[in-house]
Amino acid sequence: MTKVEGAIERTLFSLLNQAPALDLPEVLAAPELLPFLDKNGVAGTFYHALRKSGWKEPLPGGVYEALRGRFNSQIARNMACAAAARETFRLLHREGIPFLVLKGLALAENVYPHFGMRTTSDLDVLIRREDLLRADAALGGAGYHARDSTPRRALLNPPGYLASLEFHRPGSVFSYLHLHWHLVNTSVPAFGFIENIDMERIWNRSRTGLVACAEARLLGPEHLIIYLCEHGLRVGHSFDRLNLICDLYYAIKNPGAPLDWDLAAAEAKELGLRNFVYLGLRIVQAYGGKALLDDATMEKFAPPSLSVWERLFLAMQLHGLRLRGSSFLVYLAASKGAFGKGRLILRTLFPPRPILAQRSWRWADAHPTTLYFRRIGETMTVLIRLARRLARQPARRSNL
């Protein structure tokens, strides 16, 4: 993380909190601004916050136009995605399949202050496990096909691994339609917490809302916070982009669905995700949520203690080291005992063959041995990259 990138982060969250943005003139003149915002998926968020701040000074050559162009393009894309989503929702409604919309459009329309602030590239829909075959038939009739596995094979995946399928249709505006039947969806095994997550509890506390002008189920506000913390802490994310932090920031701030913090804390504990939620909220608090998350609120989620792995991960985040793969440390902490941690490491390197095949579907013709070597290579590459970044990047967030 460079000094300029750190200034961009501070400026973004100062604007979101309507606080003085002391670095704003320097940030607006920085050539790194637009690439950094694009990489972190927050160009629309920055533009909206800048407009709301009442900034009157002229912006350096073309910056305002570039930001406005990104914002308007995101609105257009979100509108196209909403039109495609309505068709999908009609298919599911017609078959009487209950569904719940996750992330993307659900956040853009129901959490963020403006539709153009949240990027959308795919559609994530949660259904019940027993409805997957019917949903596959309904989508298949409209030209969609699951490209990473088949429904019958995917339903045999062991608990704690992949619990979704990627549906694709030629010419679709979505990169893919992601059909989930569990909130936790990962190729790094969710040992240590998956067994506590009762999906009927999630469904029973969901609420009715509108997405793409269609009726849909949405996560209850307390479960949304829990889910965004768990999602941000998946090993493939590790809160590596600012949009993951902004999702959580605005879910907390959302006036349309006020939070019951006592209920959220009780649910996080019941679902076995209290440590996940505490870590996610600490990250948001550090980046820009101090006004939203006071010490009394944080105390509701505070575990008796954090493991050395969790403390290391949190220290990295609070020093600006948002490194993809680093939340494996949190998964290690969730796996109890030497045996549990050894099992996690082994199953990360050598996942069950169906999981490896689904995750590596693009190389479906490759021999299983080749796929396992690829998996080991990917894992080692991430570990080496983490080690190098840790070795060369100085601490930065001393004020946190």
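Exactly one of (1) touching a Gly at 6+ places or on another chain (Cβ under 9 Å); (2) at pLDDT 95 or above is unmet by G320. Its number?
Of (1) touching a Gly at 6+ places or on another chain (Cβ under 9 Å); (2) at pLDDT 95 or above, only one is false for G320: (2).
Please tell me if T208 is under 30 Å from A338 (Cβ atoms) and in contact with a Leu (Cβ under 8 Å, 6 or more places away or on another chain).
no
Here is a list: F276, F301. Which entry is modelled with pLDDT of 95 or more, over 22 Å from R241 (Cβ atoms) and buried (at least 22 other Cβ atoms within 10 Å of the Cβ)?
Every option except F301 fails the conditions.
What about P255, is it closer than 27 Å to L210 by Cα and not acidic (D, E)?
Against the criterion (closer than 27 Å to L210 by Cα and not acidic (D, E)), P255 qualifies.
Name the single residue that is surrounded by the most Cβ atoms within 10 Å (Cβ to Cβ) among those in region 123-162 being of a type in the set (D, E) and more than 20 Å from S175 (Cβ to Cβ).
For region 123-162, the residue satisfying everything is D131.
Where residues in region 51-72 are at pLDDT below 95 and aromatic (F, W, Y), which of them is nearest to G116 (Cα to Cα)?
Ranking the candidates gives Y64 first.
Grab the helices (runs of 4 or more DSSP H) fully contained in region 221-340, keeping just those with 2 or more residues being over 20 Å from the mean Cα position of the chain (by Cα).
261-270, 295-301, 308-318
Go through region 286-334 and report how many residues are over 16 Å from N275 (Cβ atoms), in contact (Cβ under 8 Å) with a residue 12 or more places away in the chain and of a type in the set (G, A, S).
6
Check region 23-39 and report whether any residue there is touching a residue at least 24 places away in the same chain (Cβ under 8 Å), of a type in the set (K, R) and touching a Leu at 6+ places or on another chain (Cβ under 8 Å).
Checking region 23-39: not a single residue is touching a residue at least 24 places away in the same chain (Cβ under 8 Å), of a type in the set (K, R) and touching a Leu at 6+ places or on another chain (Cβ under 8 Å).
Determine which single condition G104 fails, assuming it passes every other condition in (1) in contact with a Ser or Thr (Cβ under 6 Å, 6 or more places away or on another chain); (2) on the phi < 0 side of the Ramachandran plot.
(2)
Being outside any helix (DSSP H, G or I) and free of Cβ contacts under 8 Å to residues at least 24 places away in the same chain is the filter here; which residues of region 40-60 pass it?
If the condition is that a residue be outside any helix (DSSP H, G or I) and free of Cβ contacts under 8 Å to residues at least 24 places away in the same chain, then G54, K56, P58 are the ones that fit.
Condition check: acidic (D, E) and either closer than 19 Å to R207 by Cα or in contact with a Gly (Cβ under 8 Å, 6 or more places away or on another chain) (or both). Does E109 satisfy that?
The answer is yes for E109.
The values are calculated or read from the model by the stated rules, or taken from the named source; none is laboratory data. Being a predicted model, the structure only gives us computed values, none of them experimental. Heads up, the Cβs are rebuilt from the backbone with ideal geometry, glycines too, and the neighbour counts pull from every protein chain shown.
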